[in-house]
Amino acid sequence: MNTPDLKALESLTRDYAAFQARKSGLATALGGLMAVLFLTAPMYVDALGIRLMGRYLLEYLLLAPFVWLILKALLGRVLYRDLGEVKAIPDAAYERRRWFWILGIALFIGVFLILCILGFASGFLHAIPAGACVSMPSLGALWLPLLYLAPMPWMLRGIEEARAYAVLVGECMLWFLASFLAFWSTRSYRQPSMETATTIVQIILVVLLLAILIWSALAMVRGWKEHREYLAILRALPREA
């Protein structure tokens, strides 16, 4: 093997190592597809009304981020391990950006939980007639969002993965919010201020949903592009005569 061949092999190895460390290929596209499905499916199947094994269907759909993590790992093992395990050269700037997303998701979940607790305490408890029976919505409103934090440092390898996970978790938070609003709207002591707040929230939700749809389309394109890049790496491998 001459010098040009060694340089080409070195470049190929570097590209493959970067893919293994930071890219997901079709898993990114899968994240975009799941985001679209998770956006629309609960509306069509009435996830706030159907009960399955004693729980609302929405509670099972809120496990979508964990399902994506599992499918991502399976896709990586099935599609992107043909050349074995490698270790990429550390990239401090990239790692800082990855941790920016991870810490951003953690901060978002923390703020969301605080606002839920404050909103429940001020908007719901104060409006309960004396002696009325109090019941929370049938959701893991505190422990499930915290579980979203657990796998992030170890299972989110790249920025695209962190973005996909952030969108799926964000959608879960939106459905959490929708469940709380639906729970409040069934009460007879609903106040005008609550109706105004609901209208504002609905406008914000529409904007967020449009942003999710745009991101999902871009994620599917990027995921397919990364998959094609991996196939190009395989085709560039030297062949024995």
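The values are calculated or read from the model by the stated rules, or taken from the named source; none is laboratory data. These numbers come from a predicted model, not from an experiment. Heads up, the Cβs are rebuilt from the backbone with ideal geometry, glycines too, and the neighbour counts pull from every protein chain shown. With ligands, DNA and RNA removed, areas are computed over all heavy atoms of the protein, side chains included. Shrake-Rupley method; radii C 1.70, N 1.55, O 1.52, S 1.80 Å.
In region 205-235, of all residues being open to solvent by 90 Å² or more (accessible area, probe 1.4 Å) and over 19 Å from the mean Cα position of the chain (by Cα), the one that is modelled with the lowest pLDDT corresponds to ARG235.
Given the structure, is THR40 under 22 Å from SER216 (Cα atoms), at pLDDT 85 or above, in a helix (DSSP H, G or I) and among the polar types (S, T, N, Q)? No; evaluated as a whole, the condition is false for this residue. Against the criterion of being at pLDDT 65 or above, polar (S, T, N, Q) and either open to solvent by 40 Å² or more (accessible area, probe 1.4 Å) or over 20 Å from the mean Cα position of the chain (by Cα) (or both), SER138 does not qualify. Residues that are surrounded by 12 or more Cβ atoms within 10 Å (Cβ to Cβ) and small (Gly, Ala, Ser) were ranked within region 82-105; the one that is modelled with the lowest pLDDT is ALA88.
Of LEU146, LEU79, LEU118, all but one fail to be open to solvent by less than 70 Å² (accessible area, probe 1.4 Å) and either at pLDDT 80 or above or over 20 Å from the mean Cα position of the chain (by Cα) (or both); the exception is LEU79. Pick from region 154-167 the residues that are assigned to a helix (DSSP H, G or I) and open to solvent by 40 Å² or more (accessible area, probe 1.4 Å): which of them is farthest from ARG77 (Cα to Cα)? Filtering region 154-167 for residues that are assigned to a helix (DSSP H, G or I) and open to solvent by 40 Å² or more (accessible area, probe 1.4 Å), the one farthest from ARG77 (Cα to Cα) comes out as ARG163. Taking region 11-22 as the range and being closer than 15 Å to GLU85 by Cβ, open to solvent by 20 Å² or more (accessible area, probe 1.4 Å) and either of a type in the set (Ser, Thr, Tyr) or at pLDDT 85 or above (or both) as the test, only THR13 passes.
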